[in-house]
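K.L.:
Pasting a structure here, questions to come.
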Amino acid sequence: MAIGILGGGQLGRMIALAGYALGQRFVFLDPSPVANAGHVGSLRVGTYDDEERLADLARSSDVVTYEFENVPVASARFLNELVPVYPPPIALEVSQDRLDEKQFFQGLGIPTPPFAAVSSRAELDRAVGELGLPVVIKTRRFGYDGKGQMVLRTDADVARAWEALEAAALIVEGLVPFVRELSILSVRGKDGETRFWPLVENEHRAGVLRLSVPKSEAWTAELQARAETMATAVLEKLGYVGVLAIELFHTADDRLLVNEMAPRVHNSGHWTIECAETSQFENHVRAIVGMPLGSTRLVGHSAMLNAIGQLPPRDVVLAVEGAHLHAYGKEAAPGRKLGHVTVRAETRAELHAKIAQLRPIVDPVTRS
């Protein structure tokens with residue numbers, strides 16, 4: 001089967017690498033002629049709103065998916081008239097606007113941080129007054145990896161934020177005093193079969209994911225069940241097909257609050273390549289082409305470290321027993337995700353020792 005992918009970045013690249021083992025073929029559409037997914041599949045160059053290029057992608061594909069959530073919804077709907085698109089375009093529509101997304105969760109009875117829509121300075125002042133400082137102000141669309149958002153702790157911050165982010169559509173959220181950031185990754189097939197990977201604990205710096213550790217301790221069992229219930233409600237409401245990631249805050253009083261969702265394979269699931277029975281990438285392919293889903297069982301103890309801005313020395317990483325380096329084939333640039341390292345161990349203590357060994361190599365500015 002031929003699978004079309006909107007987007008030619010590392011996520012599309014890893015979907016293709018997993019799908020080739022299942023006998024699939026891949027074609028990508030991306031505006032950049034040097035998109036790194038072109039190293040592993042046929043790359044068509046064009047904008048995502050070019051109907052001629054979209055029609056060409058549909059003619060070359062039996063099914064279409066996407067690797068990032070800022071694909072124009074109109075383009076996904078156009079394609080869906082020609083060829084099945086999974087996840088469904090409604091998932092893109094919900095996830096692209098932070099206000100719509102929060103209201104969607106609210107409609108399903110899923111708890112979120114308190115929030116308010118803002119489109120003027122007066123509305124910003126009113127929201128800050130109602131929610132109380134500190135708060136986070138975000139653009140409603142196109143933010144990722146900490147972009148398009150600021151934390152406001154003082155009245156002076158409010159004025160600076162409005163000057164920096166002044167836009168027609170903003171959202172203000174109460175700053176959650178969480179004890180950990182988590183994500184729940186799930187996959188749903190065409191027949192409604194659903195699987196979940198273990199909850200993942202994530203560590204960010206400057207809004208960018210640095211470390212992900214899937215959890216297997218007994219304390220996560222009840223949290224896992226709660227997170228799965230939330231994800232199931234979302235999957236069923238959207239008629240979802242494919243991998244879905246939902247980012248969560250776990251608070252000191254044991255609440256789970258949804259931060260946002262990503263209707264695609266996700267950075268916090270990269271550890272699944274070596275450290276789960278079936279990776280998120282393989283299960284995404286299985287889901288969208290109608291194959292049975294694979295086991296999501298955790299294999300041993302594992303972690304994923306992102307390589308940001310520069311790749312670590314290959315031989316040094318690979319000398320660590322259980323470590324695997326994934327380089328994305330991208331040009332180095334500050335703040336750019338260039339690859340990741342997964343590491344597996346037999347015990348939790350051994351895993352933490354390996355993380356401590358790898359962090360200064362993979363992410364030199366992170367305190368070990």
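K.L.:
Being of a type in the set (Asp, Glu) and either surrounded by 16 or more Cβ atoms within 10 Å (Cβ to Cβ) or within 24 Å of Val128 (Cβ to Cβ) (or both) is the requirement here; does Glu163 meet it? Don't jump to the end; show me each part of the working.
P.N.:
Numbers: of a type in the set (Asp, Glu): yes; either surrounded by 16 or more Cβ atoms within 10 Å (Cβ to Cβ) or within 24 Å of Val128 (Cβ to Cβ) (or both): yes.
So Glu163 fits the description; yes.
K.L.:
Do you know which residues across region 257-276 are part of a loop (DSSP other than H, G, I, E, B), open to solvent by 10 Å² or more (accessible area, probe 1.4 Å) and either out of contact with any His (no Cβ under 9 Å at 6 or more places or on another chain) or acidic (Asp, Glu) (or both)? If you could, list the steps in order and put the result at the bottom.
P.N.:
Residues of region 257-276 part of a loop (DSSP other than H, G, I, E, B): 263-266, 270-271.
From what's left, open to solvent by 10 Å² or more (accessible area, probe 1.4 Å): 264, 266.
Of everything in region 257-276, just one residue is part of a loop (DSSP other than H, G, I, E, B), open to solvent by 10 Å² or more (accessible area, probe 1.4 Å) and either out of contact with any His (no Cβ under 9 Å at 6 or more places or on another chain) or acidic (Asp, Glu) (or both), namely His266.
K.L.:
A further question on this structure: If you check every pair at least six apart or on different chains, which have Cβ atoms under 6 Å apart with a residue in region 177-193 that is touching a residue at least 12 places away in the same chain (Cβ under 8 Å) and in a loop (DSSP other than H, G, I, E, B) first and a residue that is among the aliphatic types (A, V, I, L, M) and open to solvent by less than 40 Å² (accessible area, probe 1.4 Å) second?
P.N.:
Gly189/Ala287; Gly189/Leu293; Lys190/Val241; Glu193/Leu293
K.L.:
I've got another one for you. Would you confirm, using the coordinates I've provided, whether Asp254 is open to solvent by 50 Å² or more (accessible area, probe 1.4 Å) and either touching a residue at least 40 places away in the same chain (Cβ under 8 Å) or farther than 25 Å from His301 by Cα (or both)? Explain how you work it out, then say what you get.
P.N.:
On the way: open to solvent by 50 Å² or more (accessible area, probe 1.4 Å): yes; either touching a residue at least 40 places away in the same chain (Cβ under 8 Å) or farther than 25 Å from His301 by Cα (or both): no.
Considered against the rule, which asks whether it is open to solvent by 50 Å² or more (accessible area, probe 1.4 Å) and either touching a residue at least 40 places away in the same chain (Cβ under 8 Å) or farther than 25 Å from His301 by Cα (or both), Asp254 comes out as no.
K.L.:
What are the residues in region 94-134 that are hydrophobic (A, V, I, L, M, F, W, C) and within 23 Å of the chain's Cα centre (by Cα), if any? Give the derivation first.
P.N.:
Let us first name the residues in region 94-134 that are hydrophobic (A, V, I, L, M, F, W, C), namely 94, 99, 104-105, 108, 110, 115-118, 122, 124, 127-128, 131, 133.
Val94, Leu99, Phe104, Phe105, Leu108, Ile110, Phe115, listed by residue number.
K.L.:
While we're here: State yes or no: is Gly8 part of a loop (DSSP other than H, G, I, E, B) and either out of contact with any Leu (no Cβ under 7 Å at 6 or more places or on another chain) or under 21 Å from Glu331 (Cβ atoms) (or both)? Walk me through how you get there before you give the answer.
P.N.:
Details: part of a loop (DSSP other than H, G, I, E, B): yes; either out of contact with any Leu (no Cβ under 7 Å at 6 or more places or on another chain) or under 21 Å from Glu331 (Cβ atoms) (or both): yes.
So Gly8 fits the description; yes.
K.L.:
Anything in region 109-126 that is at pLDDT 95 or above and either within 14 Å of Ile246 (Cα to Cα) or open to solvent by less than 30 Å² (accessible area, probe 1.4 Å) (or both)? List them, or say none.
P.N.:
Ile110, Pro111, Thr112, Pro113, Ala116
K.L.:
State yes or no: is Ala21 farther than 21 Å from Glu93 by Cβ and either surrounded by 17 or more Cβ atoms within 10 Å (Cβ to Cβ) or without any contact (Cβ under 8 Å) to a residue 12 or more places away in the chain (or both)? Quick ask: steps written out before the conclusion?
P.N.:
Details: farther than 21 Å from Glu93 by Cβ: yes; either surrounded by 17 or more Cβ atoms within 10 Å (Cβ to Cβ) or without any contact (Cβ under 8 Å) to a residue 12 or more places away in the chain (or both): no.
Spelling it out, it is not the case that Ala21 is farther than 21 Å from Glu93 by Cβ and either surrounded by 17 or more Cβ atoms within 10 Å (Cβ to Cβ) or without any contact (Cβ under 8 Å) to a residue 12 or more places away in the chain (or both).
K.L.:
Could you grab the pairs with beta carbons closer than 9 Å, sequence gap of 6+ or different chains, first residue in region 48-63 and without any contact (Cβ under 8 Å) to a residue 40 or more places away in the chain, second one hydroxyl-bearing (Ser, Thr, Tyr)?
P.N.:
Going by the 9 Å Cβ cut-off, the qualifying pairs are Asp49/Ser75; Asp50/Ser75; Glu51/Ser75; Arg53/Thr47; Leu54/Tyr48; Leu54/Ser75.
K.L.:
Out of the residues in region 41-74 that are touching a Phe, Trp or Tyr at 6+ places or on another chain (Cβ under 8 Å) and open to solvent by 30 Å² or more (accessible area, probe 1.4 Å), state the one that is farthest from Ala18 (Cα to Cα).
P.N.:
Among residues in region 41-74 that are touching a Phe, Trp or Tyr at 6+ places or on another chain (Cβ under 8 Å) and open to solvent by 30 Å² or more (accessible area, probe 1.4 Å), the one farthest from Ala18 (Cα to Cα) is Glu51.
K.L.:
Within region 202-224, which residues are part of a strand (DSSP E or B) and either of a type in the set (A, V, I, L, M) or buried (at least 18 other Cβ atoms within 10 Å of the Cβ) (or both)?
P.N.:
Answer for region 202-224, where residues must be part of a strand (DSSP E or B) and either of a type in the set (A, V, I, L, M) or buried (at least 18 other Cβ atoms within 10 Å of the Cβ) (or both): Asn202, Val208, Leu209, Arg210, Leu211, Ser212, Val213, Pro214.
K.L.:
List every residue pair whose Cβ atoms sit under 6 Å apart, with the two residues 6 or more apart in sequence or on different chains, where the first one lies in region 83-106 and is farther than 17 Å from Thr139 by Cα and the second, anywhere, is part of a helix (DSSP H, G or I) and at pLDDT below 95.
P.N.:
none
K.L.:
Shifting gears a bit: Which of the following residues is surrounded by 18 or more Cβ atoms within 10 Å (Cβ to Cβ) and either among the aliphatic types (A, V, I, L, M) or in contact with a Cys (Cβ under 6 Å, 6 or more places away or on another chain) (or both): Val317, Val299?
P.N.:
On the way: Val299 fails: surrounded by 18 or more Cβ atoms within 10 Å (Cβ to Cβ).
Of Val317, Val299, the one residue that is surrounded by 18 or more Cβ atoms within 10 Å (Cβ to Cβ) and either among the aliphatic types (A, V, I, L, M) or in contact with a Cys (Cβ under 6 Å, 6 or more places away or on another chain) (or both) is Val317.
K.L.:
Would you point out the residue of region 225-248, among those that are open to solvent by less than 10 Å² (accessible area, probe 1.4 Å) and in a strand (DSSP E or B), that is nearest to Glu201 (Cα to Cα)?
P.N.:
Checking each candidate, the answer is Leu248.
The values are calculated or read from the model by the stated rules, or taken from the named source; none is laboratory data. If you're wondering where the values come from, they're calculated on a predicted model, not measured in any experiment. Every residue, glycine as well, gets a Cβ built from its backbone with ideal geometry; the counts of neighbours run over all protein chains shown. With ligands, DNA and RNA removed, areas are computed over all heavy atoms of the protein, side chains included. Shrake-Rupley method; radii C 1.70, N 1.55, O 1.52, S 1.80 Å.
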